[in-house]
Amino acid sequence: MDLTGYGEKAVVLLENAGVSVFDEIEVERDDGVLLCGVLLPRPQYGDPEVLVLKLSNGYNVGVDARRVKSLRKVGRVEVSRGGQTPSPVLKPGLPRVHFLGTGGTIASRIDYVSGAVYPYFTAEDIYSMVPELEEVAFVTAETLFNVFSEDLTPRHWSMIAERVAQVFEKEEPAGVIVAHGTDTMGYTAAALAFALRRLPGPVVLVGAQRSSDRPSSDSATNVLAATVTAVKAPFAESVVVMHAGLRDTLFYVNRGVRVRKMHTSRRDAFRSVNSIPLAKVELPARELKVFTKRYARRSKEGVLLENGFEEKVALVKFYPGMSAELIDYLVDNGYKGMVIEGTGLGHVAENLLPSIKRAVDEGVVVAIASQCIWGRVNMNVYRRGVELLKVGAIPSEDMLPETAYVKLSWVLARTDDPREAAKLFLTNLAFEIEERSEEWGYPPLSYFEDRLNGGYS
Amino acid sequence: MSVKVGIEIHQMLDTKHKLFCNCPTELRRDGPHSEFRRWLRLARSELGELDPAAVFEYSKGKMFLYEAYFDSTCLVEMDEEPPHQLNPEALETAILVSLALNCKVVDEVHVMRKIVIDGSNTTGFQRTALIGLNGHVDVGGKKVPINTVCLEEDAARKMEEREREVVYRLDRLGIPLVEVTTAPVISNPEEAGLVALRIGQLLRMTGRVKRGLGTIRQDLNISVEGGARVEIKGVQELELIPRVVEYEVMRQKKLLEVGEELRKRGVGRGDLSTNVLDVSELFKDTSSRVARKALTSGGVALAVKLPGFARLLGVELQPGRRLGTEMADRARYWAEVGGIFHSDELPAYGISSEEVTAVRKALQCGELDAFVLVFEEKKRAIRALEAVVERAREALEGVPPETRGANPDGTTRFMRPMPGSARMYPETDIRPIPIETVMLERIRALIPEPPEVKYEKLVKVYGLNPEIAKRVLWSYRLDVFEKAVGEAGASPTVVASTLEGTLVELRRDGVPVHNITDEHLLELFKLLARGGLVKEAIPAVIKYLAENPDVEVEEAVKKLGLTPLSLEEAKEAVRRIVSRMSDVIKERGEAAFSTVMGATMRELRGRVDGGLLSKLVREEVLKVIKGSG
């Protein structure tokens, strides 16, 4: 039957024996080794002519189909998808929290026979994974779509924004949680911040840096901290809740427009840039502490949705030796805006100036952010900055390049007029621009130094 | 009555790097640089599939505190970065071990995750891969099948267990181990010892494994006909294996007898109820300190009747360990109580015979009935007695299957219920690794010589007599012998008698020879070969090193004043002694030789070679005799 993934010789061998995946088989190798186990699907990688067998001791081993002397079917196993999920026992009167599944590590579960990961996202699943929620929230859940976060597009942002608005209008939850792959979670969080202009509760994006199939996964504690935020937050903004450090007890609530994934693998990969986090959550106490008084409060006037993103917008990173053709290409192909990640205070090489000038002249909005990530763009200090301003480029202030890109996409879906677009782009809409650069927006690296000074105690 | 024993040997490999990252494979003595706290968890729906012990541990909700080092542990051990590729050096060693044990190697290696939720792995699973299977090792003419050879990562080191958290250190996590599993075909204690020795020796002969305390660990599974499979974990010393097997066989036989006696007495499962009785009132004026302490701090005295168990709780199952001890172990495990008291051991510990009689009366105990008492906080006390009754019920069946831990004296204690089948699933962060025939052939050339060839060599090349040769062949330190006579160039006879004689004698005398490392010995033999030490000084030097393991060998020799004398110095010293004793010599002639030799030995032993000394004394004595004649 289904032998997808196996190579030609393996398939012939298996078909002749009438064997399909998840059959229990007995294989004799040419050196006399006799193996009995369950035939598993062939993983995508590796040699497709090697059969993968799960032995009775739990180990998987590969048996080269070209070395098989004989093979026969001895039985079949039923593939179970985990055990029974018991019904949750809820504390009465709990605030409602709605979960939207969009894909990613956090909304998946392992099949222990095949090792395959499959999506799951019912309320029962969530309670089963995080039983503490029985005391925190009445959970409802749905899967909006199931897409790797690197495959998401601005259209997906719109779909999420649309659904969040609906849920707030119709079901009046205390907050909505969006389970999201971590790679582009920052972009989506920013997009929701712009599209959802007014909210009765927070939209909390949450993900996992360690897959949910491992006991050490950060998904359960992240979900718990996100739910505590959804229930207890006095603010109604788009935020990202993830581990604050390596420990499982402290979580930061980062503003969607300020947060960036700063590490490929650590649990505490998400950092607020040019600002401190909005709040923190502590476990097991389940307490939320807000760090500032400047935030959008829960609105009593319902949701204000201004949805839609212009797709003809680009985020371009400048690098030494960059050719002006790259800018020309965008202009020639009808792009309406671009954010260039320049160097330092907001610079690019001289050879790009004519192309940028042409872009602006043809009505393309060109914004300059900085690849320093931290700090504010200031194009008045050096000559190149002044030249860029002169040809019509706009400085992105202290916005993250990614936030600037998302914002420009959103702005250009609101207006076609470049001048108006520029004005809107430079207006603070969701705390993405601060006029003051506070010292603690850039945390010092005293971490290791403190320990070194302590003599590696 | 037939006995079946299987052995599982875990041996740390001496690779440069860990199994899944490039950190060194060294344990540290200095304090950690950083620490962090974590939980492990499983979806509730998955708990049902796990073994009860793991779920029980898990339900305590403890946190894990991990200790890390900036310069020798990395994000991989912290579970903050996916594993790197499987260490090729470790894979090669695991294949070498497989081939040396006549195993067949798999065509493609799949790394698995084995769920472990006691916190000893930051990930919540141990990574392990099956490398070889269907092998055998020959021991005393018997072919003992080797079921599997696996390559796995070692767990973190448990440093401390606190009330709310367990402290683990990450230095050991990820060090490669090979796990060798024999079929359960070993039929007596001596054979178990020999099989473990042969496998351990073979592992060392590859030259790629770590040595010293804690680098090899044996688990045994033992079942006696009519009994049950019992797993014994963590036997750290090879010498202990026969005794552990012997004691476990003894325990299972005794338990079967107890079961038989209970049947004779007509005790059934239904007779054993967990109806506990609060007897606090009876201990109002007790002189038992344990009881008083519990009662004054809000605890209670609870008792439970065990019908038909009189005089059986005190039956000795292993030296110093009774059925009552096993019940206490269970109570400690499931209820974390300090201990229990059973009627076979009372009155004692400050509990008076009046109190015993009163408890018996309250429980309506007949002559054949026993009881168990516990002084504790009420909830815990109830849980403790439930565990006791459960163990009593199991006694009706004879031997409960369980996991036990080895004590240093060879007896065992309850550790936890037998784990269910391990839950394993693929480590999707590591791609399957194909094993090429070329690679196998290259590794095959590295297999150490088989014992027969070694034996021939010991007799013919090294000139050992067959008796000594056999002992060296069966020595765990066979590889040290080969290095000492090969690289170091020491005398085979002296090396053999040091390894197989001196060390054993010193141990018998209570010298802590387990502190002696292979490095100590090799240094010692090198020094001997260079003439920096005479063989008579060896016992004293080893004794000193055993007591001061951080001291260098040469330093020890100096400290003991055992630096050898030059020929001139030796002659001069002998001349001095002989002239001092010239009167005796003149008087008794050659008959005085042994007296003079004795005196010389007292002064120069260990600083001059014995043979040479004897020759010098003889010469000088003869001179004196001649001079006087």
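With +1 on each Lys and Arg Cβ and -1 on each Asp and Glu Cβ, and nothing else charged, work out how big the dipole of chain B is about its Cα centre, in Debye to the nearest 20.
Dipole size: approximately 1080 debye.
Quick one: helix B:518-530 against the long Cα principal axis of chain B, what's the angle to the nearest 10°, folded into 0 to 90?
That works out to roughly 0 degrees.
With charges only on Cβ, +1 for K and R and -1 for D and E, what is the dipole size of the protein assembly as shown about its Cα centre, in debye, rounded to 20?
About 1860 debye.
Quick one: if you take sqrt(5λ) for each eigenvalue of the C-alpha gyration tensor of chain B, what semi-axes come out, biggest first, whole angstrom?
Equivalent ellipsoid semi-axes, largest first: 53, 36, 24 Å.
Which one of B:Gly299, B:Ile447, B:Pro184 is farthest out on the positive end of the charge dipole of chain B, using unit charges on Cβ (Lys, Arg +1; Asp, Glu -1) and the Cα centre as origin?
Ranked along the dipole, the leading option is B:Gly299.
Starting from the amide H of A:Asp64, placed 1.01 Å from N in the peptide plane, find each other amide H under 5 Å away whose residue is 5 or more places distant or on another chain.
For A:Asp64, the qualifying residues are A:Leu51, B:Asp107.
Could you list the GluC sites (Glu not before Pro) in segment B:201-258 that lie in coil according to DSSP, counting only those with at most 12 other Cβ atoms within 10 Å of their Cβ?
Within segment B:201-258, the qualifying GluC sites (Glu not before Pro) (loop, at most 12 other Cβ atoms within 10 Å) are B:Glu225.
With a bin width of 10 angstrom, please list the P(r) values of segment A:8-76 as percents of all Cα-Cα pairs, from the 0 bin to the one holding the largest distance.
Distribution as computed: 23, 63, 14 percent.
Using the count of nearby Cβ atoms within 10 Å as a rough guide to exposure, how do B:Met112, B:Met159 rank from fewest to most?
Exposure proxy ranking, most exposed first: B:Met159, B:Met112.
Hand me the GluC sites (Glu not before Pro) from segment B:333-376 located in a DSSP loop with no more than 12 other Cβ atoms within 10 Å, in residue order please.
B:Glu367
What is the angle, in °, between the Cα long axis of helix B:241-264 and the longest principal axis of the Cα atoms in chain B? Nearest 10 is fine, range 0 to 90.
30
Per residue, how much space in cubic angstrom lies within the convex hull of the C-alpha atoms of chain A?
Measuring per residue, one finds 211 Å³ for the Cα hull of chain A.
With just the Cα atoms defining each centre, how far is segment B:137-185 from segment B:243-260? Give it in Å.
Going from one Cα centre to the other spans 26 Å.
In peptide B:75-82, how many Cβ atoms from other protein chains are near each Cβ within 10 Å, on average?
5
Return one quarter of the surface area of the convex hull spanned by the alpha-carbon atoms of segment A:318-431, equal to its mean projected area, in nm².
Mean orientational projected area (segment A:318-431, Cα hull): 6.4 nm².
Over all residues in B:424-433, what is the mean tally of Cβ atoms on other chains that come within 10 Å of each residue's Cβ?
So the per-residue partner count for this stretch is 6.
Using a simple charge model, +1 on the beta-carbon of Lys and Arg, -1 on the beta-carbon of Asp and Glu, nothing else, what dipole does segment A:96-305 show about its Cα centre, in debye to the nearest 20?
About 1080 debye.
Test of understanding: extend the Cα→C-beta vector of B:Ala599 to 7 Å, then name every residue of segment B:542-582 with backbone N under 17 Å from that spot.
B:571-582
Students often get this wrong, so check it: of A:Lys289/B:Lys60; B:Lys104/B:Lys254; A:Lys289/A:Lys317; A:Lys69/B:Lys470, which have C-alpha atoms separated by over 32 Å?
Correct reply: B:Lys104/B:Lys254; A:Lys289/A:Lys317; A:Lys69/B:Lys470.
Taking the Cα-to-Cβ direction at B:Gln85 and at B:Arg580 and moving 7 Å from each Cα, how far apart do the two end points lie in nm?
According to this spin-label approximation, the distance is 7.1 nm.
Measuring from label point to label point, each 7 Å out along Cα→Cβ, what is the A:Lys170 to A:Arg383 span in nm?
For A:Lys170 paired with A:Arg383, the spin-label model returns 6.2 nm.
Can you give me the pair-distance distribution of segment B:290-390, C-alpha pairs, 10 Å bins, whole percents?
The percentages, shortest bin first, are 17, 50, 31, 2.
In this model, which of B:Lys526/B:Lys559; B:Lys142/B:Lys233; A:Lys91/B:Lys62; A:Lys232/A:Lys261 are farther than 21 Å apart at the alpha-carbon?
Exceeds cut-off: B:Lys142/B:Lys233; A:Lys91/B:Lys62; A:Lys232/A:Lys261.
Count neighbours as other Cβ atoms within 10 Å of each site's Cβ, and list the GluC sites (Glu not before Pro) in segment A:148-194 that are DSSP loop with at most 11 such neighbours.
Within segment A:148-194, no GluC sites (Glu not before Pro) qualify (loop, at most 11 other Cβ atoms within 10 Å).
Based on the Cα coordinates of segment B:407-546, what is the per residue volume of their convex hull in Å³?
Measuring per residue, one finds 227 Å³ for the Cα hull of segment B:407-546.
Which of the listed residues, A:Tyr59, A:Val12, A:Val33, is farthest toward the dipole's positive end in segment A:8-76, when Lys, Arg count +1 and Asp, Glu count -1 at the beta-carbon?
My answer, from the dipole projection, is A:Tyr59.
So, by mean Cβ neighbours within 10 angstrom, what's the order for A:340-352, B:548-560 with the highest one leading?
Output ranking for A:340-352, B:548-560: A:340-352, B:548-560.
Quick one: what does P(r) look like for segment A:96-305 with 5 Å bins over all Cα pairs, in whole %?
In order of increasing distance, the bins hold 1, 8, 17, 23, 22, 17, 8, 2, 1, 0, 0 percent.
Using a 10 Å cut-off around each Cβ, can you sort B:Asp14, B:Asp171 from fewest to most neighbouring Cβ atoms?
Sorted ascending by nearby Cβ count, the order is B:Asp14, B:Asp171.
Using only Cα atoms, find the angle between the long axis of helix B:538-547 and the longest principal axis of chain B, and express it within 0 to 90 degrees, rounded to the nearest 10.
40
Would you calculate the convex hull of the Cα atoms in the protein assembly as shown and tell me its volume per residue in Å³?
Enclosed volume per residue, from the Cα hull, is 262 Å³.
Listing B:Val584, A:Val273 from the residue with the fewest other Cβ atoms within 10 Å to the one with the most, what is the order?
B:Val584, A:Val273
For segment B:245-320, what does the alpha-carbon gyration tensor say about shape, rounded, prolate or oblate, given a ≥ b ≥ c as the root eigenvalues, a/c under 1.5 as rounded, and a/b over b/c as prolate?
Judged from the Cα gyration tensor, segment B:245-320 comes out oblate (a/c at least 1.5, b/c at or above a/b).
Given points 7 Å out from each Cα along the Cα-Cβ axis, report the B:Glu190 to A:Asp417 separation in nanometres with one decimal.
Placing both labels 7 Å along Cα→Cβ, they lie 10.4 nm apart.
Find how many whole Å separate the alpha carbon centroid of segment A:432-452 from the alpha carbon centroid of segment B:605-620.
If you average the Cα positions of each part, the centres end up 78 Å apart.
Would you grab the residues whose amide H sits under 5 Å from the one on B:Glu376? Only those 5+ places off in sequence or on another chain, please, with H modelled 1.01 Å from N.
It is B:Val300, B:Leu302, by chain and number.
No value in this document is a laboratory result; all are computed from the given coordinates. As the structure is a prediction and not an experimental result, all values here were calculated from the model. Cβ coordinates were reconstructed from backbone atoms using ideal geometry, including for glycine residues, and neighbour counts include every protein chain displayed.
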